[in-house]
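The values are calculated or read from the model by the stated rules, or taken from the named source; none is laboratory data. Just so it is clear, the model here is predicted, and its values are computed rather than measured. Because the Cβ atoms are built from the backbone with ideal geometry, glycine has one as well, and the counts that use them run over all protein chains shown.
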Amino acid sequence: MSTHHQSKPTRAKSLRKGLHPRNLHNQGYDFPALVKSHPALAPHVKSNAHGDLSIDFADPVAVKTLNAALLNRYYHIADWDIPGGALCPPIPGRADYIHYMADLLGIEPGPAQPNIKLLDIGTGANGIYPLLACQIYGWQCVGSDINTQSLENVARIIAHNPTLKDRFTLRTQPDKNHIFEGIIQAGEFFDVSVCNPPFHGSLDEALKGNRLKRNNLARSRGEQQAKTKSPTLNFGGLGAELWCKGGEQLFLKKLIRESQAYSTQCRWFTSLVSKADNVKPAKKLIRKLGAVDVREIEMKQGNKMTRVLAWTYL
């Protein structure tokens, strides 16, 4: 990446990319710097068809190593790792969600804000939202999950990063039919809850989606599809991150209905909504349940458009 005449092209680039203005990844990835701070990334970095440095985004190990490098260099998180088959989140997009939540709460970047409390529903094995919220804004975070294996992995990440110890707490959801119940305790108040709902309706659908994504990645690199074998994902006990009965639509319905019972214990309830068709029915239900403000926050990463739905009863 050229560092000459930085001011002009930078702006065009960040606008094209469409990430939040405070997002540290607006300029794309600085691979030489990433390799320097995280040498394990070196074997995965190669020139792509355009002669730019990149990694093979269809290779789960390369993507995971890139994530570890980004978290290390930009957010001072050491030894981030996830088990094979666990959901590997794109860091720039996840950081965007947190920046937009700061905007929603009317927070300016500055000294740490431990008085702000965030709840992450389904934190997964990666714990990404609380990790970023702790490191970017110094918030107090709670990550909940139904999968104890996932939580054990996040606990290991926290143990390797002493600054997180007093900021990031984990809670197990004992009942798969509940979301907030059993997690939000009596007398407790959160400023915001975040969620990345399971996208697919079944394991089969999740595998199909993964195959499609891999083929698209191969096509964009100009390779034959034949090369992409069946998914290298093994959803080893981590299925809940990727699919649930009824998919995203049903999960959102459940999340929204249950939020009403905790209307006085959380200022803003929010969730990512991947499928555009799910927005309208979700908004309708939110209004029906008496929310006083409903917002749709659009986020763009590269060509991918996604949105966060936010609602409050207060």
> Condition test on Ala68, is it of a type outside the set (Asp, Glu), outside any helix (DSSP H, G or I) and crowded, with 18+ Cβ neighbours inside 10 Å?
Replying inline: no
> In this structure, does Arg156 turn out to be outside any loop (DSSP other than H, G, I, E, B) and either touching a Lys or Arg at 6+ places or on another chain (Cβ under 6 Å) or more than 30 Å from Glu296 (Cβ to Cβ) (or both)?
Replying inline: yes
> Take the residues of the range 87-104 that are in contact with a strand residue (DSSP E or B) (Cβ under 9 Å, 6 or more places away or on another chain) and within 16 Å of Cys195 (Cβ to Cβ): which is surrounded by the fewest Cβ atoms within 10 Å (Cβ to Cβ)?
Replying inline: Leu104
> What number of residues within the range 149-180 are in contact with a strand residue (DSSP E or B) (Cβ under 6 Å, 6 or more places away or on another chain) and hydroxyl-bearing (Ser, Thr, Tyr)?
Replying inline: 1
> Got at least one residue in the range 78-86 being at pLDDT below 95, under 30 Å from Trp311 (Cα atoms), under 17 Å from the mean Cα position of the chain (by Cα) and surrounded by 19 or more Cβ atoms within 10 Å (Cβ to Cβ)?
Replying inline: yes
>> Quick test of your reading of the structure: Gly246 fulfils all but one of (1) out of contact with any Asp or Glu (no Cβ under 6 Å at 6 or more places or on another chain); (2) at pLDDT 90 or above. Name the failing condition by number.
In response: (2)
>> Looking at the range 68-85, I want the residues that are within 11 Å of Ala40 (Cβ to Cβ) and have a partner that is in a helix (DSSP H, G or I) with Cβ atoms under 6 Å, at least 6 apart or on another chain. Which pairs are those?
In response: Ala69/Leu34; Ala69/Leu41; Asn72/Ser37
> Which residues, counting only those in the range 260-272, are surrounded by 18 or more Cβ atoms within 10 Å (Cβ to Cβ) and either modelled with pLDDT under 95 or farther than 29 Å from His25 by Cα (or both)?
Replying inline: Tyr262, Gln265, Cys266
> Considering the range 268-314 alone, what residues qualify as being of a type in the set (A, V, I, L, M) and assigned to a helix (DSSP H, G or I)?
Replying inline: Ala276, Val279, Ala282, Leu285, Ile286
>> Quick check on my filter: what residues within the range 24-51 are within 30 Å of Pro109 (Cα to Cα) and in contact (Cβ under 8 Å) with a residue 60 or more places away in the chain?
In response: Leu24, His25
> Where residues in the range 293-308 are of a type in the set (A, V, I, L, M) and at pLDDT below 95, which of them is nearest to Arg22 (Cα to Cα)?
Replying inline: Met299
> Within the bounds of the range 282-292, is there any residue that is farther than 18 Å from Asp103 by Cα, at pLDDT below 95 and surrounded by fewer than 19 Cβ atoms within 10 Å (Cβ to Cβ)?
Replying inline: no
>> Consider the range 109-138. How many of its residues are free of Cβ contacts under 8 Å to residues at least 40 places away in the same chain, under 16 Å from Lys165 (Cβ atoms) and in a loop (DSSP other than H, G, I, E, B)?
In response: 2
